[in-house]
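Asker: Structure provided below as structure tokens; questions to follow.
The values are calculated or read from the model by the stated rules, or taken from the named source; none is laboratory data. All of these numbers come straight from a predicted model, not from anything done at the bench. Note that each Cβ is placed from the backbone with ideal geometry, even for glycine, and that neighbours are counted across all protein chains shown.
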């Protein structure tokens, strides 16, 4: 499946288009500006011998823009498409190129209740959020990695220890005394429900 660009996706000065062949064999097409939001993809663009796809795009549906293909077998198209959506949303935002400190996370505008990022992440199920976090790490998208980590934390905090143990196959191997010691040593552990 090929994701076609609209005229809105092609900005002045950024008319090179790349197709990324994903782990499921899909081709995901995106402008250079969007792809370069990822330092990893930027490196691939600069250091990979890419081929042109004239047989697929010979009908000139892409507006005559140059298209190059890069294999990206580490990521499924199910995940790459939303990542490119996030990159497109933040193309002009220089604040997305760095990780946030713990203090910055608490006041981060990207995590405010009505922010685009918070709403966007809230529409995704747990499996997709975990896959996004893994892909964001691989693609070196620091802020997206932070945002998905916060979302995963929210998912985990909403569950009891019993549910987490069952879901992830974890053994409850601490004695009641050891649990109490941990709660004294780490006050935040007192907030965790054991049942």
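Asker: Pick from 152, 129: which is farther than 22 Å from residue 39 by Cα and in a helix (DSSP H, G or I)?
Answerer: On the way: 129 fails: farther than 22 Å from residue 39 by Cα.
Result: 152 is the single residue among 152, 129 that is farther than 22 Å from residue 39 by Cα and in a helix (DSSP H, G or I).
Asker: Within the bounds of the stretch 49-69, is there any residue that is surrounded by 14 or more Cβ atoms within 10 Å (Cβ to Cβ) and modelled with pLDDT of 80 or more? Give the steps one after another, and end with the answer.
Answerer: Step one: list which residues in the stretch 49-69 are surrounded by 14 or more Cβ atoms within 10 Å (Cβ to Cβ), which gives 50, 53, 56-57, 62, 65, 67-69.
Going one step further and asking which of them are modelled with pLDDT of 80 or more, we end up with 69.
Taking every residue of the stretch 49-69 in turn, at least one turns out to be surrounded by 14 or more Cβ atoms within 10 Å (Cβ to Cβ) and modelled with pLDDT of 80 or more.
Asker: Give 85, 112, 89, 167 a once-over and let me know the one that is in the same structural domain as residue 45 (by TED's automatic domain parsing) and out of contact with any helix residue (DSSP H, G or I) (no Cβ under 7 Å at 6 or more places or on another chain). So that I can check it myself, show each step before the final result.
Answerer: Working: 112 fails: out of contact with any helix residue (DSSP H, G or I) (no Cβ under 7 Å at 6 or more places or on another chain); 89 fails: out of contact with any helix residue (DSSP H, G or I) (no Cβ under 7 Å at 6 or more places or on another chain); 167 fails: in the same structural domain as residue 45 (by TED's automatic domain parsing).
None of the others qualify; the one that does is 85.
Asker: Quick check on residue 148: is it surrounded by 11 or more Cβ atoms within 10 Å (Cβ to Cβ), closer than 21 Å to residue 75 by Cβ and free of Cβ contacts under 8 Å to residues at least 60 places away in the same chain? Lay out the reasoning, then the answer.
Answerer: Details: surrounded by 11 or more Cβ atoms within 10 Å (Cβ to Cβ): yes; closer than 21 Å to residue 75 by Cβ: yes; free of Cβ contacts under 8 Å to residues at least 60 places away in the same chain: yes.
Considered against the rule, which asks whether it is surrounded by 11 or more Cβ atoms within 10 Å (Cβ to Cβ), closer than 21 Å to residue 75 by Cβ and free of Cβ contacts under 8 Å to residues at least 60 places away in the same chain, residue 148 comes out as yes.
Asker: Residue 173: surrounded by 10 or more Cβ atoms within 10 Å (Cβ to Cβ) and either within 19 Å of residue 37 (Cα to Cα) or without any contact (Cβ under 8 Å) to a residue 40 or more places away in the chain (or both), yes or no? Lay out the reasoning, then the answer.
Answerer: Numbers: surrounded by 10 or more Cβ atoms within 10 Å (Cβ to Cβ): no; either within 19 Å of residue 37 (Cα to Cα) or without any contact (Cβ under 8 Å) to a residue 40 or more places away in the chain (or both): yes.
No: the conditions fail for residue 173.
Asker: Here is a further query. Taking into account only those residues within the stretch 99-114 that are within 16 Å of the chain's Cα centre (by Cα) and not in a helix (DSSP H, G or I), which is surrounded by the most Cβ atoms within 10 Å (Cβ to Cβ)? Break it down stepwise before answering.
Answerer: At the first step, the residues of the stretch 99-114 found to be within 16 Å of the chain's Cα centre (by Cα) are 99-100, 110-111.
Cutting the leftovers down to not in a helix (DSSP H, G or I) gives us 99-100.
Details: 99: 11, 100: 20.
My answer is 100.
Asker: Being touching a helix residue (DSSP H, G or I) at 6+ places or on another chain (Cβ under 9 Å) and loosely packed, with under 12 Cβ neighbours inside 10 Å is the filter here, so list the residues in the stretch 115-126 that pass it.
Answerer: In the first step, residues of the stretch 115-126 are kept if they are touching a helix residue (DSSP H, G or I) at 6+ places or on another chain (Cβ under 9 Å); the result is 115-118, 120-122, 124, 126.
Across the stretch 115-126, the qualifying residue is only 122.
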